[in-house]
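Coordinate-derived values only; no laboratory data. Since we're looking at a predicted model, the values are computed, not measured. Reconstructed Cβ throughout: ideal geometry from the backbone, glycine too, with neighbour counts over all protein chains shown.
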């Protein structure tokens, strides 16, 4: 773990210290948890958005690799090549 410096408004620092005392934790621990939660929430949104529109190209053919795999394991609907 490395030490870093942040700049925050006075009211935010007071809130952090208050919450930390209520939870019997250090302010640094509270800030670390908040940063981890923020980063995780951003990563989840990015992952979800990366598949939007998947399969909506309008093409009626499967890539050869999919035909090879699914042709062996699943029936392909009539009309698809």
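Things to note:
- Fewest-first ranking of 44, 24, 17, using other Cβ atoms within 10 Å as the exposure measure: 24, 44, 17
- Taking other C-beta atoms within 10 Å as the exposure proxy, 10, 15 rank 10, 15 from fewest upward.
- Exposure proxy shown here: for 29, 9, the number of other Cβ atoms within 10 Å sets the order, fewest to most, as 9, 29.
- Difference of contour (0.36 nm per residue) and Cα-Cα distance, residue 18 to residue 3: 3.2 nm
- Label-to-label distance, nm, for residues given as residue 34 and residue 11 (7 Å Cα→Cβ offset): 1.4 nm
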